[in-house]
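S.K.: Take a look at the following structure, please.
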Amino acid sequence: MSNSHRQMHLGVFVLGTGNHHAGWRYPGAADSFLSLKGIQTIAATAERGKFDLLFLGDGLAAKMGDHPSFLVRFEPITMLAALAATTTHLGLGATASTTYNEPYNVARLFASLDHLSSGRAAWNAVTSSGPAAGSNFGRIHPAHDARYEVADEFVDVVRGLWDCWDDGAVVANRETGRYVDESRVRALDHVGRFFQVKGPMTTARCPQGRPVIIQAGSSEPGLELAARTAEVVFSVVQDLAEAQAAYQALKSRLHRFGRTPSDVALLPGVMPIIGRTDAEARDKLNTLQSFLGPTSALTMLSGRLGMDVSGFDPDDLVPDLPLPDTSHGFARAMLSKARRERMTWRDLSNLTGAARGHWVICGTPAHIADTLQEWFEGDAADGFNILPAYFPQAFDEFVDEVVPILQERGLYRRDYTGTTLRDHLGLPRAPNLLFD
């Protein structure tokens with residue numbers, strides 16, 4: 001498909017009351033994430049903006065001493081099941097760990113969500129970068145590459161379980177009394193290095209064939225898993241050249257797995273700070289930054305880099321550091337930017353505090369649209385994962401002021417043309433690998 005016919009894909013990343021570390025303190029911002037009405041309002045705004053996807057991140061450990069709003073949140077699948085009843089087109093995605101779950105449970109959860117939403121479910125397969133999670137499961141957190149070895153098999157088992165039921169297996173014939181055509185149901189009989197799973201599940205074939213798989217790893221094992229299995233990839237980048245390189249690195253791998261560039265949508269995370277003027281947008285960002293506590297940004301930066309940075313002089317330049325055994329994507333993007341721009345520890349901690357290491361654009365709606373268009377048309381992205389600093393106003397501003405500009409330029413849909421998440425992504429219904 002030529003660039004002239006491409007259209008952006010947009011997701012909204014819902015993390016607590018907002019993606020800025022202290023966004024909940026902004027005047028008028030929501031200050032509770034334990035509200036069904038609040039998340040329903042966000043979902044309604046996303047659907048009004050014709051977004052492909054609403055995405056809920058998750059964490060398996062509460063890190064006290066640092067107080068972002070996303071410290072307190074619901075289990076995501078429960079919340080998305082509730083949203084399935086109040087939305088009609090919006091994709092519903094959530095994180096589930098391959099390190100601290102079982103494939104059968106994950107397969108069943110997301111298959112159920114796909115049925116409840118009539119084909120709008122997506123699973124973000126993560127290995128869980130935070131070692132604190134292990135203490136909640138009575139386990140020692142595995143090393144990075146070991147986690148990906150498990151994840152590689154885990155994803156295959158989940159996909160296999162989704163394919164154990166063929167289309168038409170449920171016949172429900174009242175005359176014969178036959179409910180299931182057993183010839184259209186198979187056991188998986190998986191015996192691997194890490195898992196033994198017989199199958200089938202107790203959930204029939206999904207409306208999408210299989211739920212959409214999301215991946216966000218940028219390490220070598222993460223990129224391989226994404227190229228082989230994912231339909232959506234979230235990325236962490238800070239500038240155009242870096243984003244273009246990441247885009248090419250992913251797309252160039254796909255052919256080895258019999259896939260084409262259009263089979264995977266790469267969506268960098270971006271926090272738009274919008275004002276009527278550039279100066280007003282900068283003032284808004286400065287206000288948000290003023291809410292950060294003296295240690296909150298340093299605490300988050302330490303987590304991203306996998307080391308305690310509180311002992312460094314904040315005005316010293318960030319030195320060359322090895323990649324940590326945590327989240328390679330965040331660490332690589334931040335350390336690369338620090339070297340490129342000769343940033344101090346204070347600069348880097350402020351950047352992390354704003355959007356947890358994600359890209360921040362600050363300016364008028366037209367400036368935001370211009371920048372997104374430049375990245376999209378410059379083969380740096382297939383769309384964007386929007387990270388509002390706080391809800392609901394910051395997200396309303398993007399939908400009401402930036403989306404119409406993108407629509408007028410022919411870069412973004414004016415209405416949904418299908419009902420499933422795969423429809424929105426321009427993907428066919430997933431084939432059944434066990435039956436087709």
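The values are calculated or read from the model by the stated rules, or taken from the named source; none is laboratory data. Everything numeric here is computed off the predicted structure, so don't read it as measured data. Every residue, glycine among them, receives a Cβ derived from its backbone with ideal geometry; neighbour counts consider all protein chains shown. For accessibility, only protein heavy atoms count, side chains too; no ligands or nucleic acids. Shrake-Rupley method; radii C 1.70, N 1.55, O 1.52, S 1.80 Å.
S.K.: What's the carbon and sulfur percent of region 33-118's accessible surface, probe 1.4 angstrom, rounded to a whole number?
M.R.: With neighbouring chains kept in place, the figure for region 33-118 is 59 percent.
S.K.: Note down the accessible area of Leu36, probe 1.4 Å, to the nearest 10 Å².
M.R.: 80 Å²
S.K.: Further question: Between Val72 and Ser118, what is the label-point separation in nm under the 7 Å Cα-to-beta-carbon projection?
M.R.: 3.6 nm
S.K.: Which of rounded, prolate, oblate describes region 143-274, given a ≥ b ≥ c as roots of the alpha-carbon gyration tensor eigenvalues and a/c under 1.5 marking rounded, otherwise prolate only if a/b is larger than b/c?
M.R.: It is prolate, given that a/c is not under 1.5 and a/b is the larger ratio.
S.K.: Which of the listed residues, Leu53, Gln196, Ala245, is farthest toward the dipole's positive end in the chain, when Lys, Arg count +1 and Asp, Glu count -1 at the beta-carbon?
M.R.: Result: Gln196, furthest along the dipole toward the positive end.
S.K.: For region 42-142, run through the chymotrypsin sites (Phe, Trp or Tyr not before Pro) and keep only the ones in DSSP coil with at most 11 other Cβ atoms within 10 Å of their Cβ.
M.R.: Answer by residue number: there is no such site.
S.K.: For Asp163, enumerate residues with amide H under 5 Å from its amide H, sequence gap 5+ or separate chain, H modeled in the peptide plane.
M.R.: none
S.K.: Taking a 1.4 Å probe, which of Ser69, Ser135 shows the most accessible area, and what order do the others take after it?
M.R.: Highest to lowest solvent-accessible surface, that is Ser135, Ser69.
S.K.: Oh, and also: Could you tell me the accessible area of Lys50 in Å² (1.4 Å probe, neighbours in place), rounded to the nearest ten?
M.R.: So the heavy atoms of Lys50 present about 50 Å² to solvent.
S.K.: Just the number please: accessible area per residue for region 115-245, 1.4 Å probe, all protein chains included, in Å².
M.R.: 43 Å²
S.K.: Please report how many Lys pairs in the chain have alpha carbons closer than 29 angstrom, counting only residues at least 8 apart along the chain or sitting on separate chains.
M.R.: Lysine pairs meeting both conditions in the chain amount to 9.
S.K.: Using the Cα gyration tensor of region 90-157, with a ≥ b ≥ c the square roots of its eigenvalues, what is the shape: rounded (a/c below 1.5), prolate (a/b larger than b/c) or oblate (neither)?
M.R.: prolate
S.K.: Check Asn124: other-chain or 5+ apart residues with amide H under 5 Å from its amide H, H built from backbone geometry?
M.R.: Correct list: Ala94, Thr95, Ala96, Ile214.
S.K.: What's the magnitude of the charge dipole for the chain around its Cα centre, counting Lys and Arg as +1 and Asp and Glu as -1 at the beta-carbon? Answer in Debye, nearest 20.
M.R.: In total the dipole reaches around 640 debye.
S.K.: Let me ask you something else. What shape does region 49-135 have by the C-alpha gyration tensor, where a ≥ b ≥ c are the square roots of the eigenvalues, rounded means a/c under 1.5, and otherwise prolate means a/b greater than b/c and oblate the rest?
M.R.: oblate
S.K.: Here is a follow-up. Largest first, what is the accessible-area ranking of Val72, Val318 with a 1.4 Å probe?
M.R.: I get Val72, Val318, largest accessible area first.
S.K.: At what distance in angstrom do the alpha carbon centres of region 33-89 and region 237-261 lie from each other?
M.R.: Answer, in whole Å: 29.
S.K.: Also, I was wondering about something else. Please name which of Phe154, Leu335, Gln215 has its Cα lying farthest along the dipole of the chain towards the positive end, using unit charges on Cβ (Lys, Arg +1; Asp, Glu -1) and the Cα centre as origin.
M.R.: Phe154
S.K.: Output the 0 to 90 degree angle, nearest 10, between the alpha-carbon long axis of helix 103-116 and the longest principal axis computed from the alpha carbons of the chain.
M.R.: For helix 103-116, the angle is close to 90 degrees.
S.K.: What is the helix-to-structure angle for 328-340, meaning the angle in degrees between its Cα long axis and the longest Cα principal axis of the chain, kept from 0 to 90 and rounded to the nearest 10?
M.R.: So the helix axis and the longest Cα principal axis differ by about 30 degrees.
S.K.: What net charge do the residues around Pro268 carry, taking every other residue with its C-beta under 11 Å from that of Pro268, with Lys and Arg at +1 and Asp and Glu at -1?
M.R.: With Lys, Arg at +1 and Asp, Glu at -1, the net is -3.
S.K.: Determine Rg/Rh for the chain; Rg is computed over alpha-carbon atoms and Rh is the Kirkwood hydrodynamic estimate from the same atoms.
M.R.: Using Cα coordinates only, the ratio equals 0.96.
S.K.: With everything on Cα atoms, drop me the angle between helix 296-305 and the longest principal axis of the chain, reported from 0 to 90° to the nearest 10.
M.R.: Roughly 50 degrees between the two axes.
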